Amino acid sequence: MVVAKTKKRSERAARLDIRLNPQAKQKIEQAAAVSHQTITDFVVTSLLRASQEALDRQHLIQLSNRDRDLFLAALETDVSPNRALRKAADRFKRSQQ
């Protein structure tokens, strides 16, 4: 079992030290207890969930109804490519040959 303990320790080698008020600590301890988790497991799980939500929000683009309508209208508009775009497309095609 020494190998299993060593592996588990190496998986949790990083530390995160925080300071919080006694009321916050007590609330976290109570939440961990009712979740049937250790305090560490509860905190790590909660922080990872909050981190993922923050990252997901960063990648999400939210448009107002007006902006959405303008964007969709621009996609549907049939516009011919201008001279600069045609030149860029020609350069790209030549670079791919």
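Quick note: the coordinates plus some simple rules give every number you see, no bench work behind them. Quantities reported herein were computed from a predicted structural model and do not represent experimental measurements. A quick note on method: Cβ atoms are made from the backbone with ideal geometry, for glycine too, and the neighbour counts reach across all protein chains shown.
Stokes-Einstein, applied to the Kirkwood radius of segment 18-78 over Cα pairs at a viscosity of 1.567 mPa s and 4 °C, places its translational diffusion at 86 µm² s⁻¹. Given R0 = 41 Å, the distance between the Cβ atoms of D17 and L70 translates into a calculated FRET efficiency of 0.30.
Averaging Cα coordinates gives a centre for segment 61-97 and one for segment 14-43; these two points are 50 Å apart. With everything on Cα atoms, drop me the angle between helix 2-11 and the longest principal axis of the chain, reported from 0 to 90° to the nearest 10. Once rounded, the angle reads 50 degrees.
Placing +1 on the Cβ of every Lys and Arg and -1 on the Cβ of every Asp and Glu, with no other charges, gives the chain a dipole of roughly 600 debye about its Cα centre. The angle between the Cα long axis of helix 83-95 and the longest principal axis of the Cα atoms of the chain comes to about 70 degrees, rounded to the nearest 10. Across the options L72, A31, A50, the greatest Cα extent toward the positive end of the charge dipole of segment 18-78 (unit charges at beta carbon of Lys, Arg, Asp, Glu) belongs to A31.
Fewest-first ordering of T77, T38 by other beta carbons within 10 Å of each residue's beta carbon gives T77, T38. Helix 65-76 and the longest principal axis of the C-alpha atoms of the chain enclose an angle of approximately 40°. Of all segments of the chain bounded by trypsin sites (Lys or Arg not before Pro) found in a DSSP loop with no more than 10 other C-beta atoms within 10 Å, the longest spans 20-97.
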